[in-house]
Amino acid sequence: MMLAGYGILAVVLVLLPPSATPAGIADCDLGVGNTYVGNSTFEANLNHLAAELPGNVSTAHTGGFAVATVGADPDQVFALALCRGDVNATACRACVAAAFVDGKNACPGINGVTVYEDACVVRFSGQRFMDFLSPDQWQVTEMIWVPEQASESVNAPAVGWFNAAVAKILAALVDHAVATATGNNSTTKKYFATGEEDFDPNIYGFAQCVPDLTPEQCKECLNTFLFQAKQVYFGKSLSWVGMNSVWCRLMYNVRPFYGGRAMLQLSAPPPPAAEAPVLSLEPGAGKKKSAAGIAAVVASSVVVLLILSFFAVVLFRRRSKVTETDHQLRKITRAQCLIFDLPALQEATDNFSDNNKLGEGGYGIVYKGVLSDGQEVAVKKLLGTSEHGLDQLQNEVLLLAELQHKNLVKLQGFCLHQGETLLVYEYVKNGSLDNFLFDTSRGNTPNWEQLYNIIFGIAKGILYLHEDSSLRIIHRDLKSNNILLGEDMEPKIADFGLARLLEEGHTNTRTTRIVGTFGYMAPEYTIHGNVSTKIDVLSFGVLVLEIVTGRRNLNSDDHDRGNLLSDVWNCWTKGTVTQLIDQSLEEQFRRQALRCIHIGLLCVQSDPDDRPHMSSVIFMLSRENMNLQPPAQPAFFFDGDSNSCSQPFEQPVYNRPNAIYEEDISVNRMTVTDIYPR
């Protein structure tokens with residue numbers, strides 16, 4: 001699903017420092033083409049909306065919510081305004097008017113802005129963003145949201161008790177806000193709830209959704225925020241936390257910030273269990289105990305401790321490996337995945353028969369299986385030592401359990417049995433993109449519309465990994481083998497087995513262990529070990545060029561064929577790039593194919609700073625009338641001259657004496673993923 005104009009690439013500007021409550025945050029869409037010039041028709045339409053919408057949203061029949069559209073394409077402006085349910089018409093009108101001013105000041109010349117004021121939310125854009133709510137578009141995992149938090153902590157009796165109290169009021173607010181959709185009280189605004197909890201200090205909160213959401217969408221939106229609040233902010237005792245999106249908001253504060261009496265009155269949760277009393281041996285604390293009795297107790301304790309220590313030393317080596325395994329298993333079971341038993345998977349795969357074998361990589365063999373309920377699955381049987389298998393299992397389960405996107409393969413569960421380590425995925429019917437592109441024996445290659453949708457779907461999946469998931473993920477081995485195609489040819493990025501958690505706040509890192517696939521790896525990674533999202537962008541660019549031309553970048557079986565990047569660049573500079581695409585394509589599709597080659601070349605630039613971010617790639621693909629900057633010479637270009645735009649080449653040598661290259665680097669073996677918290 002494309003969210004162009006909704007905030008795929010966003011910069012958040014704080015207009016006013018928060019005090020008791022957060023206010024005045026502008027979320028600017030800085031994607032390529034998301035701009036307008038002064039005194040333009042678009043600005044005139046925007047100014048018209050800014051003048052009209054505050055009055056419209058504050059009238060009695062709107063209930064503090066309104067959407068509006070002004071103008072005609074390409075200068076059409078779409079807007080939404082939602083006031084907090086407790087504010088009156090005058091305050092609502094003033095808030096919406098101020099939001100337009102704040103948005104234009106904070107994001108000058110940007111045609112897609114969301115402003116989160118204390119009492120309202122305003123969104124204006126050149127894109128039809130309300131389509132996101134349609135059933136075929138809505139995906140809560142692709143929702144753009146902006147968190148806020150206080151800098152100061154609460155002097156609460158106990159952090160754990162305070163967090164339990166916060167969790168209680170937020171959960172109650174979510175339930176009550178959704179319940180208002182079916183309530184009969186005409187004075188209650190749809191999807192709005194306020195609450196007050198009797199704690200020390202009191203805790204206040206509110207939840208709200210856009211009235212155009214379905215109850216299921218509202219619940220999904222608010223529950224997403226509740227989950228994120230628990231993951232990110234619990235363990236602290238912050239005085240306020242707010243979670244904002246165009247579609248819903250969820251907040252708590254230890255100070256009142258809304259008007260009127262709270263809709264929910266809650267009692268505090270029970271305090272945590274008191275700790276067991278500690279025996280005091282201070283003078284006068286145990287007058288009834290004799291000195292001899294105390295000495296006996298101490299002596300007995302020392303004897304028991306010595307005996308236990310002896311057995312611990314004797315059994316340590318025997319149990320240490322089991323203890324480590326148990327520790328990792330405890331981590332794994334926190335993931336929301338099913339645990340399968342080995343006999344069930346043996347039965348599903350006909351005891352891992354070669355007839356059910358789907359493929360093999362450096363760290364596992366994949367088999368097709370049919371579970372007892374008829375569900376088709378793909379079972380990956382990990383190779384290598386048990387310890388390595390557990391490491392990979394832990395990483396992949398914990399990572400994929402957090403990722404939910406239609407362009408990522410879904411992990412169903414796992415199995416551990418006497419050294420056997422297996423992962424169970426959804427079965428993706430049409431196999432890998434590699435087979436469709438390069439296996440001519442299949443005789444059923446995709447048409448151009450399917451290929452274009454595959455390119456777009458891969459881009460959306462990478463964008464989710466880089467910018468929209470709770471963890472920023474760098475795949476490091478994007479290639480045609482790791483793109484699976486569903487029944488409707490929807491692409492799914494696969495294989496996240498060797499995930500590595502980087503330090504918080506890093507956008508790049510360095511490594512001495514190089515893993516991946518030659519021909520798809522960026523030069524700064526293979527030569528210097530630099531890891532960033534831009535190495536995935538280069539891999540995506542190679543994929544795009546392979547999809548459009550139907551040729552591998554590096555073909556180890558045919559050294560007479562040229563390096564694809566060099567061939568495409570030679571054709572590009574000579575103006576003969578049309579020779580690389582299917583000559584039978586209709587004119588419209590030929591233009592799309594040539595544009596994809598242009599985008600692919602931009603993605604394979606040698607300097608990572610010259611490569612676009614995936615959010616910009618989405619804009620380039622979705623807006624055919626947007627001008628693209630000219631590309632420079634691609635990475636790993638080998639000069640040559642050929643009338644056919646196909647030049648013999650030698651495979652590049654990645655000269656890096658301090659690097660440690662994994663033995664499993666090959667055409668279709670290993671996948672590596674780097675992740676780090678936002």
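Read-outs throughout are calculated quantities, based only on the coordinates presented, and are distinct from any laboratory measurement. Everything numeric here is computed off the predicted structure, so don't read it as measured data. For neighbour counting, all protein chains shown are included, and Cβ atoms are generated from backbone atoms with ideal geometry for every residue, glycine included.
Take the alpha carbon gyration tensor of segment 159-267, find the square roots of its eigenvalues, order them as a ≥ b ≥ c, and report rounded if a/c is under 1.5; if not, report prolate when a/b exceeds b/c, else oblate.
Values: a/c = 2.10, a/b = 1.38, b/c = 1.52.
The shape class here is oblate.
Among rounded, prolate and oblate, which fits segment 52-130 when a ≥ b ≥ c are the square roots of the eigenvalues of its C-alpha gyration tensor, a/c under 1.5 means rounded, and a/b larger than b/c means prolate? List each step's numbers first, then the result.
On the way: a/c = 2.30, a/b = 1.46, b/c = 1.58.
Because a/c hits 1.5 or more and a/b fails to exceed b/c, segment 52-130 counts as oblate.
What does the highest-first list of 613-623, 446-456 look like by mean Cβ count within 10 Å? Intermediate results must be reported in sequence, preceding the final value.
Details: 613-623: 21.9, 446-456: 17.8.
Averaged packing, sorted descending, gives the order 613-623, 446-456.
May I ask for the net charge around Ala94, where only other residues with Cβ less than 14 Å from the Cβ of Ala94 are counted and Lys, Arg are +1 while Asp, Glu are -1?
Details: positive: Arg84, Arg93; negative: Asp102, Glu117, Asp118.
Local charge sum for Ala94: -1.
Order of Phe192, Phe227, Phe234 from fewest to most other C-beta atoms within 10 Å? Walk me through the intermediate numbers first.
On the way: Phe192 25, Phe227 11, Phe234 17.
Ranked by crowding around the Cβ, least crowded first: Phe227, Phe234, Phe192.
Compare the peptides 411-418, 259-266, 598-605 by average per-residue count of other Cβ atoms within 10 angstrom and give them in order, highest first. Don't skip to the answer; put the middle values down first.
Details: 411-418: 17.8, 259-266: 14.4, 598-605: 23.9.
Per-residue Cβ counts within 10 Å, averaged per peptide and sorted highest first, yield 598-605, 411-418, 259-266.
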